[in-house]
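Read through the structure below, which is laid out as structure tokens, and then see the notes.
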Amino acid sequence: AEVNARLNAEHAAATAEAQRLIEARRRALEAELAAEGARREQVFRQRLERRRKELLAAAEAAIAGRTAARGRDARTRAGQLQAELAALQEQRARLEDAILADVKIEVAAIAQARQVDVVLTRHIVSRGPAVVELTADVIRRLRR
């Protein structure tokens, strides 16, 4: 029984020593793993930062190029629109002149038919015995 007790004690001591060695090795491996993980993370972050800077520089260059091109396009388009506006303003003026000429012809024809000597175009005259209103007749003739 004494031999059995001594064997059990040695077995317990050997198991405890093995557990201590295993725990020490586990801690050492965890420390190595943490150090390697930190080193790899640092390398990764450096590479990531370098790549981020490269991408930013490329994007900024592309944006600058597009901005310059858009500026040129906008100036070209503005010039085209200015020319188009001038042409439309000329066309409008010609149309207004043509409309006014048609109105004047109709006013003159109606005035002559109704034996009116003077036609006021920019003045409002209150009704009176000698005032003849031609507006409704002119509008009717223009609509025909």
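Read-outs: derived from the displayed coordinates by stated rules, not from any lab. Computed from a predicted structure; not experimentally measured. Cβ placement follows ideal geometry from the backbone for every residue including glycine, while neighbour counts extend to all protein chains displayed.
Put a dot 7 Å past the Cα of Ala38, heading toward its Cβ, do the same for Ala9, and the two dots end up 4.4 nm apart.
Entry for the range 1-92 at q = 0.10, 0.15, 0.16 Å⁻¹: log10 I(q)/I(0) = -0.67, -0.85, -0.88, Debye formula applied to identical alpha-carbon scatterers, no solvent contribution. Using a simple spin-label model with pseudo-atoms 7 Å out from Cα toward Cβ, Val132 and Lys104 lie 2.0 nm apart.
Per-residue extension of 0.36 nm, minus the Cα-Cα distance of Arg52 and Ile22, leaves a gain of 6.5 nm for this segment. Taking every alpha-carbon pair in the range 65-137 and binning the separations at 10 Å intervals from zero gives 15, 27, 17, 13, 12, 10, 5, 1 percent.
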